[in-house]
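Trainee: There's a structure below that I have some questions on.
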Amino acid sequence: MSSEGAAADVPVIRVERLGKQYQLGARATHRTIREAFVDGARQAARSIGRRGARRSAERFWALRDVSFDVAHGEVVGVIGRNGSGKSTLLKILSRIVEPTAGAVELQGRVGSLLEVGTGFHPDLTGRENVFLSGAILGMRRAEIAAKFDEIVDFAEVERFVDTQVKHYSSGMYMRLAFSVAAHLEPDILIVDEVLAVGDAAFQKKCLGKMGSVARHGRTVLFVSHNMGAVVPLCSRALLLDAGRMVLEADPITVAARYQATLTAAPTDATDLESAEHFGNGKARFVSLRLVPERRDGTTREMMCPGSRLRIETRLVASAPVESANVGITIYDASGYRLLDANTAMQGRFVSLAPDDEARVDFALEDVRLKPGTYLVGLWIGRGNLEDIDGILYAATLEVEPDPHQLQHSEQFPGPYLCAFQHVVTVSAAPSTEPTPGGEPAVAAPVAAS
Amino acid sequence: MVTQSIIRPATLRIEPTRGWVPLRLGEVVAYRELLFFLVWRDLKVRYRQTVLGVAWAVLQPLLTMLVFTLFFGRLARVPSDGVPYSLFAYTALVPWTFFATGLTMSSNSLVGSANLITKVYFPRLTLPLATVLAGLVDFALAFPLLFGLMWYHGVTPTAQVVWLPLFIALAFITALGVGLWLSALNVEFRDVRHVVPFLTQLWMFATPIAYPSSLLPERWRVVYALNPMVGVVEGFRWALLGTDTRPGPMVLVSAAAALALLVGGAFFFRRMERTFADVV
């Protein structure tokens, strides 16, 4: 059916002025019926019907005015940082969410892989999950049955096909999940790069599989923030930033521009005017900026385990402040305190005259927080004597999986949050006596897990 | 290349929609294999790691029947249209259990599959539909015991039993209809999960399970039958036990109410569907 000549001039994917608007905060809370009644009454007073006009809540465009065409057999990379609209674009093209504006036209069967293990159920066996997940991804039963051996082979889990997947190691689980997805053969394949999973060898196999999918004349849309993966596979790339398409060019040009935007735009400062402060208010925190840095001190786009983190705070005094201690605290998403740092630990104190403005920066080296969401709190005061100003949760800190690290380390699921620097020693054979001063075979610092 | 396409319109156009949208039932049919796998998954998962396994499908109505027989039949001496009370109650409890389970499971079907809804496209109608269909399998397991009970009490089914599938269909339509409303509402309003246990309990009292509808004054029965489960339960008793509850206006009212629930529910579901992935 993917005949070359039939529709050579009709683009397989045509995106016209596509837009998606979200209401801020709409996702976070589920409405209760009472709220809906109140809103409904209020709204009915104005106009009837029209959902979405319910509150004067803040809205933003996750994607705006994006237009592009993809021809048959093209492999196009979509690149952008987190929050640039990549995922939204993907979700619209895969028909998971509906656009707010514009239109998309697709020719042929669409398969989208946004996450590994879609539809996997821990209580079902490997075999059962292959069929279930395959059906959810849009494969016919006969098609799955025909490819079953190939799928299991590729995942290297033959011996465990009839074991419940909850007993699988995370690596086995991921491999099987990816393998099902990789054997989907749609006309248009929409892939998120995070799909390349597992250890380095298996990742290579994954990328190889995607490359071969592309070479078989299928149209592929490949979303990534891993430049290394995109450049060799794609014939063209699009760069998204803040919901808009800023560049459409060959992958190398786009990659260069992307790299430039990363270094040029450090994280914005959080304005603390409207935050909830406590303390006597002799001084107030006015802003906070979280700047992830590489080991060499250059700014990086995202915070990853092991990055440096610079926390810049600004304070304004309204009354004299004498020898105060300024501190920061990092909490996990449920508010459990993980670590803190303050000026007193370094023997330094802050004194301010009224209207003085001070900047207190903390540089945390090698922050080994696991990927996830954390909260940053601020405090200025004097021991047990007084709280001058404090904000329990001033900003959130997102720690992302390190795209480079991922290639080499395995991620184990679980709730623990911190990692520590450690050394692994692998020696050839167990010896009865530890050799004093013996060189460890592998002595590179590795993040735990 | 083995490409057997499921989603293959000549051109698929994705655009913002608003208001009421077509049901696109053809798509649900195209995804029937997925529907089959979802039903199969529900059943597999429900009974895996249980000691009694599928016996639960029979035990639920059976135990309720024993309790009812003891309290309502023996102690309260509730009349039972001339049929042994235990049989009277079990005949009602089999379709009722199907309905109540279907309603409870389907109202949670979308929220419970949030990870699917946000990751992959398929007609969302398949989710509540699959849970109600899975309930049908439980129903088929609990049903044979009914014949056992009839044999035990020496009741032979009449020729009216041929009408039974109609009443099963009515129970199915009602369960799915309510399930569509509740599952769609549950996505945005998590109040639903608090409402459901309460709703099923009240609904049970509003259905002639522990008592016969002949207790009600004649003129109220048609209003009473607006509850489609009234038609289902009385229909079951009439078809199997030959009670004097011949399907008349009551069943027609019940059927009309059930269809209204289903059609309304399906359109409401489709209308709400566009925000499922954003909200769930």
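So that you can scan it fast, the table gives a plain yes or no per residue for (1) assigned to a helix (DSSP H, G or I); (2) touching a residue at least 60 places away in the same chain (Cβ under 8 Å):
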position	(1), (2)
B:Ile209	no, yes
B:Trp220	yes, no
B:Leu240	yes, yes
B:Asp244	no, yes
B:Ala258	yes, yes
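Trainee: Filter region A:74-101 for residues that are surrounded by 24 or more Cβ atoms within 10 Å (Cβ to Cβ) and without any contact (Cβ under 8 Å) to a residue 60 or more places away in the chain and give the result.
Mentor: A:Lys91 - this is the single residue of region A:74-101 that is surrounded by 24 or more Cβ atoms within 10 Å (Cβ to Cβ) and without any contact (Cβ under 8 Å) to a residue 60 or more places away in the chain.
Trainee: Is it the case, given these coordinates, that B:Ala130 is over 30 Å from A:Gly138 (Cα atoms) and not basic (Lys, Arg)?
Mentor: No; evaluated as a whole, the condition is false for this residue.
Trainee: How about region A:368-386: which of its residues are in contact (Cβ under 8 Å) with a residue 24 or more places away in the chain and either more than 24 Å from A:Asp271 (Cβ to Cβ) or surrounded by fewer than 17 Cβ atoms within 10 Å (Cβ to Cβ) (or both)?
Mentor: Of everything in region A:368-386, those that are in contact (Cβ under 8 Å) with a residue 24 or more places away in the chain and either more than 24 Å from A:Asp271 (Cβ to Cβ) or surrounded by fewer than 17 Cβ atoms within 10 Å (Cβ to Cβ) (or both) turn out to be A:Arg368, A:Leu369, A:Lys370, A:Pro371, A:Gly372, A:Thr373, A:Arg382, A:Gly383, A:Glu386.
Trainee: Among residues belonging to region B:41-60 that are exposed (fewer than 15 other Cβ atoms within 10 Å of the Cβ) and within 14 Å of chain A (Cβ to nearest Cβ), point out the one that is nearest to the chain's Cα centre (by Cα).
Mentor: Out of the qualifying residues, it is B:Gly53.
Trainee: Examine region B:142-151 for a residue that is without any contact (Cβ under 8 Å) to a residue 12 or more places away in the chain, part of a helix (DSSP H, G or I) and over 30 Å from B:Gly248 (Cα atoms), and state whether such a residue exists.
Mentor: no
Trainee: Just to be sure I understand, how many residues within region B:222-236 are assigned to a helix (DSSP H, G or I) and touching a Gly at 6+ places or on another chain (Cβ under 9 Å)?
Mentor: 1
Trainee: Which residue is farthest from the other protein chains (Cβ to nearest Cβ), if the candidates are limited to region A:94-118 and must be at positive phi and touching a Phe, Trp or Tyr at 6+ places or on another chain (Cβ under 9 Å)?
Mentor: A:Gly117
Trainee: Ok, one more. Looking only at region B:107-137, count how many residues are assigned to a loop (DSSP other than H, G, I, E, B) and of a type in the set (S, T, N, Q).
Mentor: 3
Trainee: Of (1) within 22 Å of A:Leu385 (Cα to Cα); (2) within 22 Å of the chain's Cα centre (by Cα); (3) of a type outside the set (D, E, K, R), A:Ser323 satisfies all except one. Which?
Mentor: (2)
Trainee: Does any residue of region A:103-116 turn out to be crowded, with 17+ Cβ neighbours inside 10 Å and more than 30 Å from B:Pro16 (Cα to Cα)?
Mentor: No, because not a single residue in region A:103-116 is crowded, with 17+ Cβ neighbours inside 10 Å and more than 30 Å from B:Pro16 (Cα to Cα).
Trainee: Looking at the structure I just gave you, is B:Trp238 within 20 Å of the chain's Cα centre (by Cα) and modelled with pLDDT of 95 or more?
Mentor: No: the conditions fail for B:Trp238.
Trainee: Of a type outside the set (Phe, Trp, Tyr) and more than 9 Å from chain B (Cβ to nearest Cβ): is that true of A:Arg127 in this structure?
Mentor: Judged against the criteria, A:Arg127 is a match.
Trainee: Limited to region A:60-112, what total is found for residues that are within 24 Å of B:Phe276 (Cβ to Cβ) and among the aromatic types (Phe, Trp, Tyr)?
Mentor: The qualifying residues number 2.
Trainee: Only one of A:Asp361, A:Asp332, A:Asp271, A:Asp296 is of a type in the set (D, E, K, R) and at pLDDT 85 or above. Can you tell me which?
Mentor: A:Asp361
Trainee: Further question on the same structure: For region A:136-178, which residues satisfy the criterion of being among the polar types (S, T, N, Q), touching a residue at least 40 places away in the same chain (Cβ under 8 Å) and more than 14 Å from chain B (Cβ to nearest Cβ)?
Mentor: Selection gives A:Ser170 alone.
Trainee: For B:Trp181, indicate whether it is within 14 Å of chain A (Cβ to nearest Cβ), of a type outside the set (Asp, Glu), within 15 Å of the chain's Cα centre (by Cα) and closer than 12 Å to B:Leu103 by Cα.
Mentor: yes
Trainee: Return a yes/no flag: does region A:126-143 have any residue that is more than 17 Å from B:Leu116 (Cβ to Cβ), surrounded by 19 or more Cβ atoms within 10 Å (Cβ to Cβ) and either assigned by TED's automatic domain parsing to the domain that holds A:Thr88 or within 30 Å of the chain's Cα centre (by Cα) (or both).
Mentor: For region A:126-143, residues more than 17 Å from B:Leu116 (Cβ to Cβ), surrounded by 19 or more Cβ atoms within 10 Å (Cβ to Cβ) and either assigned by TED's automatic domain parsing to the domain that holds A:Thr88 or within 30 Å of the chain's Cα centre (by Cα) (or both): present.
Trainee: Got at least one residue in region B:83-105 being at the interface with chain A (Cβ under 10 Å from one of its Cβ atoms), in a helix (DSSP H, G or I) and over 25 Å from B:Arg237 (Cα atoms)?
Mentor: No, the conditions are met nowhere in region B:83-105.
Trainee: In this structure, is B:Trp238 under 24 Å from B:Leu62 (Cβ atoms) and of a type outside the set (D, E, K, R)?
Mentor: yes
Results for (1) among the hydrophobic types (A, V, I, L, M, F, W, C); (2) outside any helix (DSSP H, G or I), shown as yes or no for each residue.
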{"site": "A:Glu128", "(1), (2)": "no, no"}
{"site": "A:Ala135", "(1), (2)": "yes, no"}
{"site": "A:Met139", "(1), (2)": "yes, yes"}
{"site": "A:Glu143", "(1), (2)": "no, no"}
{"site": "A:Lys147", "(1), (2)": "no, no"}
{"site": "A:Ile151", "(1), (2)": "yes, no"}
{"site": "A:Phe154", "(1), (2)": "yes, no"}
{"site": "A:Arg159", "(1), (2)": "no, no"}
{"site": "A:Lys166", "(1), (2)": "no, no"}
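A quick yes/no check of all residues on (1) modelled with pLDDT under 80; (2) surrounded by 20 or more Cβ atoms within 10 Å (Cβ to Cβ); (3) not in a helix (DSSP H, G or I):
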{"residue": "A:Met172", "(1), (2), (3)": "no, no, no"}
{"residue": "A:Phe178", "(1), (2), (3)": "no, yes, no"}
{"residue": "A:Ala181", "(1), (2), (3)": "no, yes, no"}
{"residue": "A:Val191", "(1), (2), (3)": "no, yes, yes"}
{"residue": "A:Val194", "(1), (2), (3)": "yes, no, no"}
{"residue": "A:Ala201", "(1), (2), (3)": "yes, no, no"}
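Trainee: Just one of the numbered conditions (1) modelled with pLDDT of 90 or more; (2) under 22 Å from the mean Cα position of the chain (by Cα) is not true of A:Gly381; which one?
Mentor: (2)
Trainee: Restricting to region B:61-89, give me the number of residues that are among the charged types (D, E, K, R) and in contact with a Pro (Cβ under 7 Å, 6 or more places away or on another chain).
Mentor: 1
The values are calculated or read from the model by the stated rules, or taken from the named source; none is laboratory data. If you're wondering where the values come from, they're calculated on a predicted model, not measured in any experiment. Heads up, the Cβs are rebuilt from the backbone with ideal geometry, glycines too, and the neighbour counts pull from every protein chain shown.
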